[in-house]
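Student: Sharing a structure here in structure tokens format.
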Amino acid sequence: MNLKLIALSCLFLSSQISYLYGSVAPIVILFGFFLCLLLLLSGNIKSKYTLGEWFGLFLYSSMLALSVALFFWGEYGPFPPRTLYLTAIVQFLIFILLLNLNDSEINGAKNIVLISLLIELFVVLGQFSFVSYGFGFEQKNEMDIWGIGGTMHNPNNTSVSIASMFFAVYIWSVTVKKHGTLYWAITLLTCFGVFYTLSRTAFYFLLVFLLVAVVNKYYVASFKKRLLMVFIVGVMAFLCTSYFVYLNGVVSQGSNELVGRSYDRIFSVVNIDSDDSVAFRLVSYVRLLDNIFNLGIGSFSDLNYFVFFEHGDDPLAKVNPHAFIPEYSFLFGYMGLFVSVGLVLYHSTVVFLNKNVDVLFRLVCIMAIIFFQSVPSSILVNPIFFAPFFLISKVRK
């Protein structure tokens, strides 16, 4: 048995194990920690890295150090602080393990992501079944009235995770020429999973990704011609869907509230300027720019960023900006700004530099990293957010 892959499984699947078997999760995570320690002591964790890998290690080490410092010396705000140091430890160890996988072990890592994706889809579809028909998985987050939050108890978090894991699995499969019937079934299930949890950003990026996949499969030409074809097909698909679904009401919203809600959110992009969820994310970036010369060491108080906002701003943004870069900057000041921007740029760069992956797929993934970091309620409690994208950077033909 490969200890690196076993340890990676324990850590990568921890949130899903926590959802399905809550009491077992701490044991599994501790076992993952123990295996990582064993690998380090046995010399299976290398000590020589490239300059880029050292930069990635510095960023994740900094995230871990900041989270530990917050735990011991952070100020207590109006809300109980989260155990961010635990998430940071898992993130750091997942990154270390992925760095130390050889080419043959990368396939095993892909299978772990695939298993995680299938579990997430199974839970999401089970929650949809429960809300719609009364049997399946009951949502454990009582704040989500729709009941579709996946194992992460939040629709946006789950939607983004499903999309990014699918990107990694699909890119690996087409790059190494192992793209059979199973992957088409997974593609269909992924579409349902993202549609039911519906983050609009994840949904639109999934559509663009699938357009690229279709164009690459059936239209082999230069980069510019393929890019043009993706644009043309995308515009045509959007216009046709708008006409048949939105304008003529082909889908009856009365038949299923969840389906109606998803369609409403998909086409609410036409009124994006008046969307509250967009507004408080946007104000977070505006306040970050307003305070760019006054960040200092941040609030150093989890879920307590009131000092950086104005009185009339959305109250939710002052507690949870729903955007990684502003939140980490408000929490840890200039060091948080450096680490958050550094992580986004680092993962975007390593994906871009992997020429084994088709250039259009790389562009979609880079844009997904940039936009997805502003979708989940908080990346600070999501240990696997960057991992699928880093796996894409390790794909080899």
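Student: Could you work out the relative contact order of segment 1-145, using alpha carbon pairs under 8 angstrom and six or more residues apart, expressed as a whole percent? Each step should come with its number before you reach the end.
Tutor: Working: 93 pairs, mean separation 37.8, N = 145.
Reported as a whole number, the value is 26 percent.
Student: Quick check: from the Cα gyration tensor, does segment 1-70 come out rounded (a/c under 1.5), prolate or oblate? List each step's numbers first, then the result.
Tutor: Details: a/c = 2.29, a/b = 1.37, b/c = 1.67.
Judged from the Cα gyration tensor, segment 1-70 comes out oblate (a/c at least 1.5, b/c at or above a/b).
Student: How high is the relative contact order of segment 281-355, given as a whole-number percent (alpha carbon pairs under 8 Å, six or more residues apart)?
Tutor: Details: 77 pairs, mean separation 25.1, N = 75.
With pairs under 8 Å counted, the relative contact order is 33 percent.
Student: Give the ranking of 28, 131 by solvent-accessible surface, highest area first, calculated with a 1.4 Å probe.
Tutor: Values: 28 30, 131 65 Å².
The most accessible residue leads, giving 131, 28.
Student: Using R₀ = 51 Å, calculate the FRET efficiency as 1/(1 + (r/R₀)^6) where r is the Cβ-Cβ separation of residue 68 and residue 135; round to 0.05. Provide the component values of the computation, followed by the final result.
Tutor: Numbers: r = 44 Å, r/R0 = 0.86.
About 0.70, to the nearest 0.05.
Student: Continuing with this model, one more query. Mind checking the full-extension length gain between residue 86 and residue 367? Use 0.36 nm per residue of separation minus the Cα-Cα distance, one decimal, nm. Can you show the working numbers first?
Tutor: Details: separation 281, 0.36 × 281 = 101.16 nm, distance 2.82 nm.
Taking residue 86 through residue 367 to full extension adds about 98.3 nm, to one decimal.
Student: Something else about it: Compute the separation of the alpha-carbon centres of segment 20-57 and segment 278-316 and state it in Å as a whole number.
Tutor: Result: 34 Å between the Cα centres.
Student: Here is a follow-up. Cα gyration tensor of segment 24-123, axes a ≥ b ≥ c as square roots of the eigenvalues: rounded (a/c below 1.5), prolate (a/b > b/c) or oblate? All intermediate terms of the calculation are to be shown ahead of the outcome.
Tutor: Numbers: a/c = 1.92, a/b = 1.26, b/c = 1.52.
Note, shape of segment 24-123 comes out oblate.
Student: If a paramagnetic tag sat 7 Å from the Cα of residue 2 along the Cα-Cβ line, which residues of segment 41-73 would have the backbone N under 18 Å from that point?
Tutor: What the label zone holds, given the 18 Å backbone N cut-off, is 43-46.
Student: Show me 385-392, 113-120, 69-76 ranked by packing, highest mean number of other Cβ atoms within 10 Å first. Don't skip to the answer; put the middle values down first.
Tutor: Numbers: 385-392: 24.9, 113-120: 20.6, 69-76: 13.5.
Per-residue Cβ counts within 10 Å, averaged per peptide and sorted highest first, yield 385-392, 113-120, 69-76.
Student: Something else about it: Which log10 I(q)/I(0) values does segment 302-397 give at q = 0.17 Å⁻¹ under the Debye formula, counting every alpha carbon as one identical point scatterer?
Tutor: -0.75
Student: Right, next: Using alpha-carbon pairs under 8 Å, 6+ residues apart, how would you state the relative contact order of segment 43-114 in percent? Walk me through the numbers before you get to the answer.
Tutor: Working: 26 pairs, mean separation 29.7, N = 72.
That works out to 41 percent.
Student: So, by mean Cβ neighbours within 10 angstrom, what's the order for 158-167, 41-50, 292-301 with the highest one leading?
Tutor: Values: 158-167: 27.7, 41-50: 9.9, 292-301: 15.4.
Ranked from most to least packed, the peptides come out as 158-167, 292-301, 41-50.
Student: While we're here: Give, in nm to one decimal, the length gained when the segment between residue 176 and residue 51 is fully stretched (0.36 nm per residue of separation minus the Cα-Cα distance). Could the numbers behind the result be given before it?
Tutor: Details: separation 125, 0.36 × 125 = 45.00 nm, distance 2.74 nm.
Stretched fully, the residue 176-residue 51 segment lengthens by 42.3 nm.
The values are calculated or read from the model by the stated rules, or taken from the named source; none is laboratory data. Source: prediction; values computed, not measured. Note that we place each Cβ from the backbone using ideal geometry, even for glycine, and neighbour counts take in every protein chain shown. Each accessible area value is taken on the protein alone, full model and side chains, heavy atoms only, with ligands, DNA and RNA left out. Shrake-Rupley method; radii C 1.70, N 1.55, O 1.52, S 1.80 Å.
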